[in-house]
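Colleague: Would you mind keeping the following structure in view while I ask a few things?
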Amino acid sequence: MARRQWSSGLAVAVAAVAVLSLLCSGHPVPGHHGGGGFVPLNPHFYDHSCPQMHGIVGAIVAREHAKDPRMAASLLRMHFHDCFVQGCDASVLLDADGSGRFTTEKRSNPNRDSLRGFEVIDEIKAALEHACPHTVSCADIVAVVARDSTVLTGGPGWEVPLGRRDSLTASLSGSNNLIPAPNDSLPTIINKFRNQGLDIADLVALSGAHTIGDSRCVSFRQRLYGQNNNGQVDRTLNPGYAAQLRARCPASGGDQNLFALDLVSQFRFDNQYYRNILASNALLSSDQILLTQGRDTMELVHRFAANQGLFFDQFAKSMVKMGNILPLTGNAGEIRNNCRRINH
Ligand code: HEM
Ligand SMILES: *[C@@H]1O[C@H](CO)[C@@H](O)[C@H](O)[C@H]1NC(C)=O
């Protein structure tokens, strides 16, 4: 009994010293926040537990992007598709596990045959498990990778708030219903953003991610052949551009054929996306309608087209905001060992 009291007394003392030293160094106390309570994200979360994290992530993203010039775009998109479904919790990375506990998001309409870069996240996770075992969450990896991908292609940088933990579940229906579709109306898209706590400036700035990367024919075909609800060819599409698109995106077939989202500078993160919209050269309906269906969005398209610095500032702010959607913190969720599977 005495011995037990002594050892628990010691444990308390050790814990108190640990907590004090963590607090003194300005470091948050992951996993010690009672009952999974919310702990604000913090850019310095891994400063002591994994100081190599940024170097490891940045080097692998740069190497993979050098091998495949589309990779930065694919990785930037992954953070968006993660955050819009039950928050930024790496739910998008979970494979089907046959357990019936959850349904993988990889088979959803927005993700199937489209979302890519999972092997790069695996490679980063393996390197981080080697350097700092059981420390860096998959959700934080995806957030840092999105920032590094933006910088690598010429876009703005920002400090990434960290300390997210990984979900124990995923949601196929969430992925289908919460991520905007390219043929949604502007009010529908605005609502889908608002439901995530994102406003019109966030919508217009974050859509600017379409300055890099590709889309498949199947994502914009309706515009070319009047297959939308009113049966008209989309008149907000430049006729010359439409003719070019039809050459490799026939009325049926060729669904997976790829087209640059930004026809002028597809590998460069710049404000060309907004200039394309002004010239009726946006690839997706969801891009063009920012100009044609809403007054507030139209004004922002003009401002970002005229001022790249303004776009970059708003993009960085909006990415931080998107990265803050419902993170699991404290001792909620877990730190996955393998981003594709829950630990048990
Ligand atoms: C506003 C609502 C949005 C809609 C309707 C939308 C829709 C789409 C569609 C249909 C594609 C092409 C997919 C394919 O055909 O395979 C795409 C690609 C892409 N999206 Fe979005 N998106 C939206 C917002 C965003 C946001 C907020 C981001 C990131 C901040 C983003 C980043 C990207 C990137 C980088 C690509 C190219 C990916 C690649 O080449 O692998 N999108 N998007
Ligand atoms: C969008 O396209 C899909 C088929 O690709 C269709 O089922 C859906 O009704 C379309 N939505 C709108 C709003 O036109």
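Colleague: At 4 °C and 1.567 mPa s, what whole-number value in µm²/s does Stokes-Einstein give for the translational diffusion of the chain, with Rh from the Kirkwood sum over Cα pairs? It would help to have the intermediate numbers written out before the result.
Modeller: Values: Rh = 21.4 Å.
It comes out at roughly 61 µm²/s.
Colleague: Taking the Cα centre as origin and putting +1 on Lys and Arg beta-carbons and -1 on Asp and Glu beta-carbons, what dipole magnitude results for the chain, to the nearest 20 debye?
Modeller: About 380 debye.
Colleague: In nm, give the distance between the simple-model label positions of Val218 and Ser49, each being 7 Å from the Cα along the Cα-to-Cβ direction.
Modeller: Roughly 4.0 nm, to one decimal.
Colleague: Dipole of the chain (Lys/Arg Cβ +1, Asp/Glu Cβ -1, origin at the Cα centre): which of Leu278, Asn324, Pro182 lies farthest to the positive side?
Modeller: Pro182
Colleague: On to the next question. Please list, in chain and number order, the residues 5+ apart from Leu162 or on another chain whose amide H is under 5 Å from its amide H, with Hs placed from the backbone.
Modeller: Under 5 Å from the amide H of Leu162: Asn42, His44, Phe45.
Colleague: For the stretch 35-179, give the magnitude of the charge dipole about the Cα centre (Cβ charges: +1 Lys/Arg, -1 Asp/Glu; no others), in debye to the nearest 20.
Modeller: Values: 13 positive and 17 negative charges, 61 e Å.
Roughly 300 debye, rounded to the nearest 20.
Colleague: Let me ask something additional. In terms of Cα to Cα distance under 18 Å, which lysines are near enough to Lys321, apart from those fewer than 8 places away along the same chain?
Modeller: The qualifying lysines are Lys192.
Colleague: Let me ask something else about it. If you take the charge dipole of the chain about its Cα centre, with +1 on Lys and Arg Cβ and -1 on Asp and Glu Cβ, which of Ala66, Leu152, Val85 is farthest toward its positive end?
Modeller: Sorting the options by dipole projection puts first Val85.
Colleague: Here's another thing I want to ask about it. Just rank Lys317, Lys192, Lys67, Lys125, fewest to most, by other beta-carbon atoms within 10 angstrom.
Modeller: Arranged by neighbour count, lowest to highest, Lys317, Lys192, Lys67, Lys125 become Lys67, Lys317, Lys192, Lys125.
Colleague: What shape does the stretch 181-286 have by the C-alpha gyration tensor, where a ≥ b ≥ c are the square roots of the eigenvalues, rounded means a/c under 1.5, and otherwise prolate means a/b greater than b/c and oblate the rest?
Modeller: It is oblate, given that a/c is not under 1.5 and a/b is not larger than b/c.
Colleague: What is the chain's relative contact order, in percent, from Cα pairs under 8 angstrom and six or more apart in sequence?
Modeller: Contact order relative to length: 26 percent.
Colleague: Separate question: Normalised by the number of residues in the stretch 240-344, what is the relative contact order in percent for Cα pairs under 8 Å and 6+ residues apart? Could the numbers behind the result be given before it?
Modeller: Details: 57 pairs, mean separation 16.6, N = 105.
Relative contact order comes out at 16 percent.
Colleague: Taking Rh as the Kirkwood radius computed over C-alpha pairs, what is the Stokes-Einstein D of the stretch 45-188 at 10 °C in a medium of viscosity 1.306 mPa s, expressed in µm² per second?
Modeller: So the translational diffusion coefficient is about 101 µm²/s.
Colleague: Taking the chain as a Gaussian network, where each spring joins two C-alpha atoms under 10 Å apart, which residue of Asn307, Asn109, Asn238 fluctuates the most?
Modeller: Asn307
Colleague: Taking θ as phi - 60°, what are the ³J(HN,Hα) couplings along the stretch 87-98 by the Karplus curve (6.51, -1.76, 1.60), each to the nearest whole Hz, with x for Gly and Pro?
Modeller: x, 7, 9, 6, 4, 5, 8, 6, 7, 4, 10, x
Colleague: Within 10 Å, count the other beta carbons around each residue, average over each peptide in 161-171, 140-150, and list them highest first.
Modeller: Put in order of decreasing packing, that is 140-150, 161-171.
Colleague: Within the stretch 191-228, find all residues whose amide N lies under 20 Å from a label point positioned 7 Å from the Cα of Gln244 along Cα-to-beta-carbon.
Modeller: Residues 208-226 qualify, since their backbone N sits under 20 Å from the label point.
Colleague: 7 Å from Cα along Cα→Cβ at both Asp255 and Tyr225: what's the point-to-point distance in nm?
Modeller: About 1.2 nm separates the two model spin labels.
Colleague: Additional query: Extending each Cα 7 Å along its Cβ direction at Ala66 and Leu310, get the distance between those two points in nm, one decimal.
Modeller: If labels sit at Ala66 and Leu310, their model points lie 3.8 nm apart.
Colleague: Please list, or write none, the lysines whose alpha carbon is within less than 20 Å of the alpha carbon of Lys125, excluding same-chain residues fewer than 8 places away.
Modeller: Reachable lysines: Lys67, Lys106.
Colleague: Kyte-Doolittle mean at least 0.5 and Cα extent at least 30 Å along the axis: which DSSP H helices of the chain qualify? Display every interim value, and only then the final one.
Modeller: Working: long enough: 2-24 (32 Å, 1.27).
Sorted by number, the helices that extend far enough and score high enough are 2-24.
Colleague: Report the net charge of residues surrounding Ser175, where surrounding means a beta-carbon distance below 9 angstrom and charges are Lys +1, Arg +1, Asp -1, Glu -1.
Modeller: Within the 9 Å Cβ shell, the charges total +1.
Colleague: Right, another one. Cα-based Rg of the stretch 237-344 per 2.2 N^0.38 Å, rounded to two decimals?
Modeller: It is 1.46.
Since every read-out is calculated from the coordinates, none of them should be taken as a lab result. Given the structure is predicted, the values throughout are model-derived calculations rather than measurements. As a convention, Cβ positions derive from the backbone with ideal geometry for all residues, glycine included, and neighbour counts pool all protein chains shown.
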